[in-house]
Amino acid sequence: MTNDSCLGFGLLGAGLIAPFHARAVRAASGARLVAVADTDPTRLAKFAAEFAITGYSSLDRMLADPAVQVVNILTPNHLHAADVLKTARAGKHILVEKPPALALREVDAMEAACAAAGVKIGVVLQCRTRGALQAIRAALQAGRFGKIHHADAFMKWFRSADYYRLDAWRSSRRSGAGVTIQQAFHYLDLLQYLVGPVRRVQAQMTNLAHPGIELEDTVLAFVTYQNGAQGVVEASTALWPGTDIRIEINGENGTAIMVGERMETWKFRVERREDEVIRCLGSAAVATGATGAADLSFRDHQVVVEDMVRAIRENREPMITLASVRPTLEWALAMYQSAKQGTAVDLPIVNEDAVW
Ligand SMILES: NC(=O)c1ccc[n+]([C@@H]2O[C@H](COP(=O)([O-])OP(=O)(O)OC[C@H]3O[C@@H](n4cnc5c(N)ncnc54)[C@H](O)[C@@H]3O)[C@@H](O)[C@H]2O)c1
């Protein structure tokens with residue numbers, strides 16, 4: 001594929017996650033990194049020089065560049081919705097970082113704007129692409145687990161006080177920076193993608209290790225899924241030094257446990273020939289974010305970028321649609337509501353304005 005036939009990608013935001021997107025786009029087949037936009041002139045200049053791309057001081061300026069066909073939205077969480085609406089109206093395709101927005105009505109407006117403009121929108125929830133996770137999903141769809149009893153996520157991570165002080169939005173509840181909707185969103189999404197949607201949740205939120213910051217750094221929750229399965233979610237950025245996440249699925253006929261991106265346990269009453277290969281999926285050496293925000297591989301992002309290129313070329317939906325992430329956001333919002341009220345909350349939630 002010549003460079004000219006590659007799709008041009010522009011990054012909105014030159015912060016912590018931006019280098020991972022830049023490397024992912026550069027490595028992706030069919031994609032070309034052409035621009036970055038950021039309102040912070042120092043960050044912008046440094047990033048544009050590092051990756052030898054055009055730097056723009058605003059989204060509007062970048063949207064006027066015809067070389068930019070896809071925009072990766074990497075701004076703070078509370079800005080995603082407005083940035084997506086503007087980008088869609090400019091006729092550019094979109095990859096938006098997680099969480100896609102902070103309210104369901106924002107997600108609905110984003111969906112409508114993209115449909116009206118005829119542009120694709122995909123969400124960067126790259127953990128869905130992991131081989132071990134896809135194997136669990138395939139086994140669930142094939143009915144190998146039988147009735148699901150438990151579906152749990154354990155995220156015992158560490159983020160330092162310095163991480164929360166890097167930018168003002170990181171310690172602001174209204175910016176969606178608490179552990180539930182910021183870091184744990186990935187793993188709520190995996191459970192929702194595997195066994196959701198959720199019927200009821202009871203959550204408790206605390207700040208264990210980050211005094212002076214208004215956010216929860218820890219959440220514990222009991223969950224009941226619509227299919228009758230139960231589960232727990234335990235997520236924290238207070239637990240030094242931070243260990244790999246665990247996703248655990250227990251059914252009447254089998255158990256699967258993914259640690260980081262590696263399949264740790266894969267056992268079924270009825271074995272299949274492919275099980276030996278599935279047990280070897282993933283690597284313990286790949287960093288998945290446990291000890292710090294920069295402790296990450298860009299390979300999962302690359303899969304998401306390459307899928308977006310193919311979705312545009314083939315005129316199909318991207319692999320991680322906004323509609324498929326909406327129930328994850330609703331679950332996260334229900335957890336905030338539950339912690340605030342001190343009661344269990346049933347989904348669908350009725351008054352999302354009361355959440356924040
Ligand atoms: N998928 C993942 O694993 C993953 C990991 C980390 C962060 N993220 C997500 O990526 C997003 C960004 O996180 P981050 O840690 O890079 O944040 P950050 O604060 O480091 O970077 C955000 C950048 O956006 C810029 N910005 C703010 N307002 C702007 C505007 N109006 N126009 C242009 N630029 C603007 C800021 O100057 C900053 O450089 C968040 O949504 C976060 O949840 C995802």
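Odds and ends about this structure:
- Global geometry of the range 214-356, whether rounded, prolate or oblate, following the gyration tensor of its Cα atoms and the 1.5 cut on a/c: rounded
- Positive-pole candidate from 231, 101, 210, dipole of the chain, charges at beta carbon: 231
- Values of log10 I(q)/I(0) for the range 135-194 across q = 0.15 Å⁻¹ run -0.60, by the Debye formula with one identical scatterer at each alpha carbon and no solvent.
- Candidates 102, 79, 63: whichever shows maximal mean-square fluctuation once the chain is modelled as a Gaussian network with Cα springs under 10 Å: 79
- For the chain, the relative contact order comes to 19 percent (Cα pairs under 8 Å, sequence separation of at least 6).
- Per residue of the chain, the DSSP helices (runs of n ≥ 4 H) give a summed -39500 (n - 2.57) that works out to -10000 deg cm²/dmol at 222 nm.
- From largest to smallest, the equivalent ellipsoid semi-axes obtained for the range 265-322 from the alpha-carbon gyration tensor read 28, 22, 10 Å.
- For the range 256-338, the list of GluC sites (Glu not before Pro) that fall in a loop by DSSP and count at most 12 other C-beta atoms within 10 angstrom reads 271, 274.
- With Cα atoms defining each centre, the range 284-356 and the range 174-227 are spaced 11 Å apart in the structure.
- Dipole of the range 1-134, positive direction: furthest Cα of 134, 41, 70, with charges on the beta-carbon: 134
- Fraction of beta bridges assigned by DSSP in the chain that are antiparallel (%, nearest 5): 60
- Tensor-based shape of the range 283-356 (alpha-carbon gyration tensor, a/c under 1.5 rounded, otherwise prolate or oblate): oblate
- From the C-alpha gyration tensor of the range 29-89, square roots of 5λ in Å: 18, 15, 11
- Translational diffusion of the chain, µm² s⁻¹ [Kirkwood Rh, Cα pairs; Stokes-Einstein; 4 °C; 1.567 mPa s]: 62
- Solvent accessible area, Å² - residue 297, 1.4 Å probe, full protein context: 40
- Span-like helix check, the chain: qualifying full DSSP H segments, with Cα axial length of 18 Å or more and mean Kyte-Doolittle of -0.5 or more, are 104-117, 322-341.
- GNM remark for the chain: springs join alpha carbons under 10 Å apart, and the peak mean-square fluctuation among 225, 163, 187 falls on 163.
- Pairs of C-alpha atoms in the range 73-129 farther apart than 20 Å represent 15 percent of all such pairs.
- The 1.4 Å probe gives accessible areas that order 263, 205, 319, largest first, as 319, 205, 263.
- Base-10 log of normalised Debye intensity for the range 104-210 (one unit scatterer per alpha-carbon) at q = 0.11, 0.16, 0.21 Å⁻¹: -0.52, -1.02, -1.27
The values are calculated or read from the model by the stated rules, or taken from the named source; none is laboratory data. Note that the structure is predicted; figures quoted are calculated from it, not measured. In this analysis, Cβ positions are derived from the backbone assuming ideal geometry, glycine residues included, and neighbour counts consider all displayed protein chains. The accessibility values were calculated without ligands, DNA or RNA, using every heavy atom of the protein model including side chains. Shrake-Rupley method; radii C 1.70, N 1.55, O 1.52, S 1.80 Å.
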